[in-house]
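Only one structure is covered here, and it is reproduced in the block below.
Just so it is clear, none of the values below were taken in a lab; they were calculated from the coordinates. The model shown is predicted, which means the values in this text are computed figures rather than measured ones. All Cβ positions, glycine included, derive from the backbone under ideal geometry; neighbour counts span all protein chains shown.
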Amino acid sequence: MKFFSEKLNNIKPSGIRELFAKAQGIEGVISLGIGAPDIETPKKLKEALVEAVLNNFNNYDQTPGNVQLREEIVQKYKQEYNMDYDKNNGVIVTSGGVELIYLALQAFLKKGEEVLIQDPCFLTYPRQIILAGGTPVWVKSTSDFKMDLESVKESITDKTKAIMLNFPNNPTGAMMDRNELKAIVDLAVDNDLIILSDEVYEYYVFDNKEHVHVASIGDAYHNTITINSFSKSFCVPGWRMGYGVSTPELIGPILGYHSFVVANATTPTQVALANYINSEDAKIFREKIRETFQKRRDKIVKGLNSISGIEAHNSSGSFYAYFNVSGLDMTGEEFSDFAFKKAKVVFVPGTEFGQEESQKTFLRASFGSVDEEKIEQVIERLTKLL
Ligand SMILES: Cc1ncc(COP(=O)(O)O)c(C=O)c1O
């Protein structure tokens, strides 16, 4: 197409959005495709938004974000991780976590610089790295989908600029503990890499495990940009509210970029979240969802593993289960097609998230938007078929 910029030449469209469109309007379809929670936004938060609009918080706001929200974000990190961030120069509120990842890559990557990403990973990372003129470099996963330390070591070159970490992980649900992360963080700091730590699933952690805030490990603080979002934590993906914390040195260039891209994230949604995120209601809500997702996780992992030929990884966090269908002699793409046509169930093939060779027989099941009853139906349909 003659109007296309060459920037889009190497950008593969998102297969998840295609699957989402394909499944819409077909009766009886159960979609474990899209990564969004189905749980209703807390009533108090919805009321806070209406109030903000009625109270005329409808104007532009400051580029880094609403002052009160930035104060609440700083307080959140102090309360939850005993970490200090500067509310004036160390916090940014963006239009979703995705905007922050985009800004950080655009602001820091020089043409041809490399960013280490885990195979598999959130499909936005490699595309955004390419859009920023950089080169994504795939790092291997261990058999339980942690980032492989040896592979990180082997992948660092003099062109490596940054490493992307994401625990709890999309698409695998894997988590790494503090010691395991420290080995990677030390390597990153020793090589002067920027650490982009995507912690959007921090509250969805199962089996009494603890989320580790990467910036709090060893000497990571000065190298780390933490990416976060209200989409998943308070079930408002449509509000497009993301945020990040880091040092003034790293936030500064990102702010410069942000001011010319969206100027400021939506004002009334920021005011509503400022009045909500550290409230008692917010804490109760988060815990309720965590419990709900853990029950769903138990059901889906057990259910998938009960089907001969399928092997599901036990997700430790997020709302994804990653499973292997090599025992059925099918690829993930074949299984996705088969499950959709024969059982009206949508799964995303693993090749959407990583390298063709390594992810060929895997699929991701999102249990963010299917309740336990639907999960039972999915397992029933698959069991009958297989
Ligand atoms: C790992 C990860 N990071 C970031 C995001 C971005 O979320 P949002 O742009 O809605 O804040 C998502 C959304 O699916 C995600 O899975």
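The dipole here belongs to the chain: it is taken about the Cα centre, uses +1 on the Cβ of Lys and Arg and -1 on the Cβ of Asp and Glu, and is about 920 debye. For the chain, taking Cα atoms only, Rg and Dmax work out to 20.5, 60 Å respectively. The string of couplings for region 252-262 from the Karplus curve (6.51, -1.76, 1.60, θ = phi - 60°) is x, x, 5, 4, x, 5, 4, 5, 9, 9, 10 Hz, one whole number per residue in order, with x for Gly and Pro. Most tightly packed first, judged by the mean number of other beta-carbon atoms within 10 Å of their residues, the peptides 151-164, 117-130 read 117-130, 151-164.
Binning the C-alpha pair distances of region 1-143 at 5 Å intervals from 0 yields a P(r) profile of 2, 7, 10, 13, 14, 16, 16, 13, 7, 2, 0 %, listed from the shortest bin outward. Evaluating 6.51 cos²θ - 1.76 cosθ + 1.60 at θ = phi - 60° for every residue in region 270-284, the Karplus couplings come out as 5, 5, 4, 5, 4, 7, 10, 4, 9, 7, 4, 4, 4, 5, 5 Hz, glycine and proline recorded as x. The distance from the alpha carbon centre of region 279-346 to that of region 1-56 is 20 Å, rounded to a whole number. Remark: region 181-190, residue by residue, has Karplus-estimated 3J(HN,Hα) of 5, 4, 4, 6, 4, 4, 4, 5, 5, 4 Hz, where x stands for each Gly or Pro and the curve is 6.51 cos²θ - 1.76 cosθ + 1.60 at θ = phi - 60°. Shape summary of region 289-386, radius of gyration then Dmax from alpha carbon positions: 12.5, 36 Å. Structural descriptor for region 56-278: relative contact order 30 percent, calculated from alpha carbon pairs under 8 angstrom and at least 6 residues apart. Dividing the helix sum by the residues of the chain, where each DSSP H run of 4 or more adds -39500 (n - 2.57), gives a mean residue ellipticity at 222 nm of -12500 deg cm²/dmol.
Considering only beta bridges that DSSP places wholly inside region 56-278, some 35 percent are antiparallel.
The residues Thr224, Thr266, when put in order of fewest to most other Cβ atoms within 10 Å, stand as Thr266, Thr224. How big is the Cα convex hull of region 56-278 in projection, averaged over all directions, in nm²? Average projection, Cα convex hull of region 56-278: 11.4 nm². If you plug the beta carbon distance of Gln24 and Thr157 into 1/(1 + (r/R0)^6) with R0 = 25 Å, you get a FRET efficiency near 0.05.
Under 18 Å of direct C-alpha separation, and excluding same-chain neighbours fewer than eight residues apart, Lys12 reaches these aspartates and glutamates: Asp119, Glu333, Glu352, Glu356, Glu357. Charge dipole (Cα centre; +1 on Lys/Arg Cβ, -1 on Asp/Glu Cβ; no other charges) of region 56-278 amounts to roughly 620 debye.
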